[in-house]
Amino acid sequence: MEHQLGLPVLYTFRRCPYAMRARLAIVAAGLKVEVRELVLRAKPAHMLEISPKGTVPVLWLQDGTVIDESLDVMRWAVGQNFPVDWLVLNAQQQQQCDEWIALLDGEFKRNLDRYKYPHRYHTESSTCDPLEHRAACEKILMQWNEVLMQQGPWLFGNKPSFADFAILPFVRQFRIADEAWFDAVPGYEALKQWLADFLQSDLLETAMVKYSPWQPADIPLTFPG
Ligand SMILES: N[C@@H](CCC(=O)N[C@@H](CS)C(=O)NCC(=O)O)C(=O)O
């Protein structure tokens, strides 16, 4: 397997929020990669060879380096070319950003999965109540709503940052679990506006362009196209 376009290769799955945050950072940084879309039930052998844990996103650099954690792909992208309109975080903001992302990737994601797919978490002795987990997610969302109310429209004020784009794909998923309920429920208007701005953004549109699942014999495609 080689880098046919001379670009880093990104294994990705369109709907995966982790892959989405990686693609957002790649687009925001103005970079190009060779894209290999996949379906999770049929992961390409080459991807599993370079990253046996089998999660997306996986970025394979020209020198053979493999970056297979979404936050590391984001860090790589902004390290290559810092997005012009993103805020450079100071030390205190960076610490806050790291804390929020830990909360998101930990407690929020754990509850989001149980809200979205409760049947996967039923056990012999207990059933998983999706609404309990939705409420746990809401408690976390309320924290970001407070921040956005005080200093929005982005988490750190007037400019978007790493924190916004690491978090927003998961808030999008929370909404998608029950859009009618989310759109009607009162109580976090600033957060809804933050999400709505993201959903309408050119950045997301570019990051969500559709590709067919990749096959080794395919002509290589770039992302963004
Ligand atoms: N910590 C990883 C998590 C990535 C992850 O779990 N991605 C999911 C898709 S959303 C995945 O690839 N799951 C493997 C599977 O379902 O087979 C990261 O941040 O990149």
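Please specify each residue of the stretch 60-71 satisfying the condition of being more than 10 Å from the ligand (Cβ to nearest atom) and of a type in the set (A, V, I, L, M).
Passing the criteria: LEU61, VAL66.
Tally time: how many residues in the stretch 101-112 are under 14 Å from PRO169 (Cα atoms) and free of Cβ contacts under 8 Å to residues at least 40 places away in the same chain? Talk me through it step by step, then tell me what you get.
Taking the stretch 101-112 first, the residues under 14 Å from PRO169 (Cα atoms) are 101, 104-105, 108-109, 112.
Still in the running and free of Cβ contacts under 8 Å to residues at least 40 places away in the same chain: 105.
Total meeting the criteria: 1.
Would you pick out the residues in the stretch 176-200 that are charged (D, E, K, R) and within 22 Å of ASP113 (Cα to Cα)?
ASP178, GLU179, ASP183, LYS192
I'm checking my understanding of the structure. Among residues of the stretch 38-57 that are touching a residue at least 60 places away in the same chain (Cβ under 8 Å) and within 13 Å of the ligand (Cβ to nearest atom), which one is nearest to HIS3 (Cα to Cα)? Steps first, please.
Taking the stretch 38-57 as the starting set, the residues that turn out to be touching a residue at least 60 places away in the same chain (Cβ under 8 Å) are 38-39, 42, 44, 46.
Cutting the leftovers down to within 13 Å of the ligand (Cβ to nearest atom) gives us 38-39, 42, 44.
Values: LEU38: 18, VAL39: 21, ALA42: 21, PRO44: 15 Å.
Here the residue is PRO44.
Is it true that GLY152 is more than 19 Å from the chain's Cα centre (by Cα), farther than 28 Å from ALA29 by Cα and either buried (at least 20 other Cβ atoms within 10 Å of the Cβ) or in contact (Cβ under 8 Å) with a residue 24 or more places away in the chain (or both)?
no
Considering only the stretch 1-36, how many residues are within 13 Å of the ligand (Cβ to nearest atom) and either over 16 Å from the mean Cα position of the chain (by Cα) or not in a helix (DSSP H, G or I) (or both)?
7
To keep it simple, each residue is scored yes or no on (1) in contact with a Pro (Cβ under 6 Å, 6 or more places away or on another chain); (2) surrounded by 15 or more Cβ atoms within 10 Å (Cβ to Cβ).
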residue	(1), (2)
GLU146	no, no
ASP164	no, yes
PRO169	yes, yes
ALA177	no, yes
LEU191	no, yes
ASP197	no, yes
GLU205	no, no
PRO213	no, no
GLY225	no, no
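Each value in this text was obtained by applying a stated rule to the coordinates, not by laboratory testing. Computed from a prediction, not measured in an experiment: that's the story for all the values here. Glycine also receives a Cβ, built like all others from the backbone with ideal geometry; neighbour counts cover every protein chain displayed.
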